[in-house]
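One structure is given here, and the rest of the page talks about it.
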Amino acid sequence: MQPIRLIRGFLTVGAWTLASRIAGFIRDVLIAAYLGTGPVAEAFLVAFSLPNMFRRFFAEGAFNTAFVPLFAKKLEAEEDAKGFAEDAFSGLASTVLVFSVVAMVAMPWLVLAMAAGFAGDERLPLAVLYGRICFPYILFISLTALLSGLLNAGGRFVAAAGAPVLLNAIFIAAMVLAQHLGWDMGLTLAWATPLTGAAQLALVWFAAARMGFALRLKRPRMTPELRRLLKIAGPAVLAGGVVQINLLVGRQVGSFFEGAIAWLNYADRLYQLPLGVVGIAIGIVLLPDISRRLKANDIGGSRHALSRATEFALFLTVPAAVALVVIPVPLITVLFERGAFGPSDTLPTALTLAVYGLGLPAFVLQKVLQPLYFAREDTATPFRFAVHSMVVNAVIAIGLAPFIGFIAAAWGTTLAGWAMVAQLWWGTRHMGEAARTDARLHRRLPRIAGASAIMGLSLWWLTSALSEPLARSGDRVWALALLIVAGFVVYFAAAYALGAFRLGDFRAGFRRQR
């Protein structure tokens, strides 16, 4: 087989995802500055979440979970991969188009399902209007996700990973123009949403064409391969529904506390930075790699891929989680506290960020463990685990909300994430040697934890030492920059001294082929 180089793939996808997240932060900073946590902001955030919720059924969630392993195996076996991809492309487009029309008609009920607390106030009609404008985005992004999976299976990661950068660039440009020209900011953001989807689809379609897969829309037909695809996708669709119920529970809890939806959203965006850079990069690269290795019966290569993915994930996310728990207030203050986002919003958003930080390693480990099931075309087992995690989330979020307020939603998300990881890990015990981690990983995990603890203590001390400049608006940026740079330096020095990594690991990762 022509291998996918894991470390190169992780770093390529991670670098582009980092660029996207940075652009996304600029976007969110502008939304916070222009709209704050008021009714227009909350209405748009709920409206924008609707197509993004359903994309996890039709796009990179359920559909791609089934599509990528099948396509990767056809590519490995040199079967009719293009014909299979075109049938999937056409079937997906027709299904999502019909669904979009129905959803736009039913928009008031969809909004209330997302945020029942909007009933009877000004946020409801705004969210319905914005939702109908935003919703066509799902058609473009679903087809974009399928083409991205196709590119990733072929080891071509740049265009798919770079597409979200284009999304955020268009949003930023739209807001700057709206502010300069006096356009309505809420409507500008709503209309920019489908535009970003069309732009991303164009980018990945041309990249796929250069790879030799210029897919055409044709009359949908039910082939044996598509029947197999739908059979595998069925449990994944249900699992995607469980994930969305978890999000729905969190938003419903937040909708009953003024400003909470925005606090949860801004904290979510911040912890999504390390999650996106590491977790999404690993999930994107690992699934087609393990699928192709299983097709080639490469057990040793599968074990190596799993172990290095886990090591790479925890090496970067454990210290990130510690930082989110130790310095959430400086992060939120510098990144968001301006314009309509005031000091009264900083503390609840920082508290939410710290709780999410405790769950960050779990969210990333899910991206490492799930490909072990999906590559074996097993979507039923992760669905069963997701249902159990949904119960954990609902009990905590709804049960604790009367006692601890909106933060119950964040605790539900974090603890459900760890419940999911525990189940995924336990379920791999029947998969044989291909799903076992190696001795190198076992040696390095405690060293990663030790280096992260040293970094956390250093950040705690430095935050206290810089308390005055962190409190002054003119000095906040350089003080936070010093905190972040010091954290990086301390962590990597401690990790190297403790033996958590060696410089040669990265060079070997680029060279290793199985």
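The values are calculated or read from the model by the stated rules, or taken from the named source; none is laboratory data. From a predicted model like this one, the values you see are computed outputs, not experimental measurements. Every residue, glycine as well, gets a Cβ built from its backbone with ideal geometry; the counts of neighbours run over all protein chains shown.
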Legend entry - Members of the stretch 164-184 that are closer than 18 Å to Phe25 by Cα, touching a helix residue (DSSP H, G or I) at 6+ places or on another chain (Cβ under 7 Å) and aliphatic (A, V, I, L, M): Val165, Leu166, Leu167, Ala169, Ile170, Ile172, Ala174, Met175
Inset, instruction - Answer yes or no: is there a residue in the stretch 357-369 that is more than 27 Å from Leu30 (Cβ to Cβ), basic (Lys, Arg), within 17 Å of the chain's Cα centre (by Cα) and surrounded by fewer than 23 Cβ atoms within 10 Å (Cβ to Cβ). - result: yes
Inset, instruction - Can you run down the residue pairs with Cβ atoms below 6 Å, 6 or more apart or on separate chains, where the first is in the stretch 113-134 and farther than 13 Å from Ala41 by Cα and at pLDDT below 90 and the partner is of a type in the set (Phe, Trp, Tyr) and surrounded by fewer than 24 Cβ atoms within 10 Å (Cβ to Cβ)? - result: Gly117/Phe256
Inset, instruction - Tell me, yes or no, whether the stretch 476-485 has at least one residue that is under 19 Å from Leu306 (Cα atoms) and either crowded, with 20+ Cβ neighbours inside 10 Å or out of contact with any Phe, Trp or Tyr (no Cβ under 8 Å at 6 or more places or on another chain) (or both). - result: no
Inset, instruction - Return the total of residues in the stretch 40-65 being modelled with pLDDT of 85 or more and not in a helix (DSSP H, G or I). - result: 0
Legend entry - Selection status of Gly149, within 16 Å of the chain's Cα centre (by Cα), over 26 Å from Thr95 (Cβ atoms) and modelled with pLDDT under 85: no
Legend entry - Check on Phe171, of a type in the set (A, V, I, L, M, F, W, C), surrounded by 19 or more Cβ atoms within 10 Å (Cβ to Cβ) and modelled with pLDDT under 85: no
Inset, instruction - Answer yes if at least one residue in the stretch 316-338 is acidic (Asp, Glu) and closer than 17 Å to Pro361 by Cα, and no otherwise. - result: no
Inset, instruction - Among the residues of the stretch 372-387, write down those that are among the small types (Gly, Ala, Ser) and part of a helix (DSSP H, G or I). - result: Ala380, Ala386
Inset, instruction - Can you run down the residue pairs with Cβ atoms below 7 Å, 6 or more apart or on separate chains, where the first is in the stretch 472-500 and in contact (Cβ under 8 Å) with a residue 40 or more places away in the chain and within 20 Å of Thr317 (Cα to Cα) and the partner is not in a helix (DSSP H, G or I) and not aliphatic (A, V, I, L, M)? - result: Ala495/Phe501
Inset, instruction - Could you tell me whether the stretch 426-438 includes any residue that is without any contact (Cβ under 8 Å) to a residue 60 or more places away in the chain and more than 28 Å from Phe383 (Cα to Cα)? - result: no
Inset, instruction - Would you be able to say whether some residue in the stretch 152-165 is over 24 Å from Ile290 (Cβ atoms) and among the polar types (S, T, N, Q)? - result: no
Inset, instruction - Kindly establish whether Phe488 is surrounded by 12 or more Cβ atoms within 10 Å (Cβ to Cβ), at pLDDT below 95 and not in a helix (DSSP H, G or I). - result: no
Legend entry - Among the candidates Thr437, Thr352, Thr413, Thr428, residue that is surrounded by fewer than 22 Cβ atoms within 10 Å (Cβ to Cβ), touching a helix residue (DSSP H, G or I) at 6+ places or on another chain (Cβ under 8 Å) and either at positive phi or assigned to a helix (DSSP H, G or I) (or both): Thr428
Legend entry - Single residue of Ala386, Ala375, Ala323 found to be crowded, with 24+ Cβ neighbours inside 10 Å and at pLDDT 80 or above: Ala386
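To keep it simple, each residue is scored yes or no on (1) surrounded by fewer than 24 Cβ atoms within 10 Å (Cβ to Cβ); (2) outside any loop (DSSP other than H, G, I, E, B); (3) under 19 Å from the mean Cα position of the chain (by Cα).
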residue	(1), (2), (3)
Val128	yes, yes, no
Ala145	no, yes, yes
Ala159	yes, yes, yes
Gly162	yes, yes, yes
Inset, instruction - Tally the residues that are within 17 Å of Asp28 (Cα to Cα) and either in contact with a Pro (Cβ under 7 Å, 6 or more places away or on another chain) or without any contact (Cβ under 8 Å) to a residue 40 or more places away in the chain (or both), restricting the search to the stretch 185-205. - result: 2
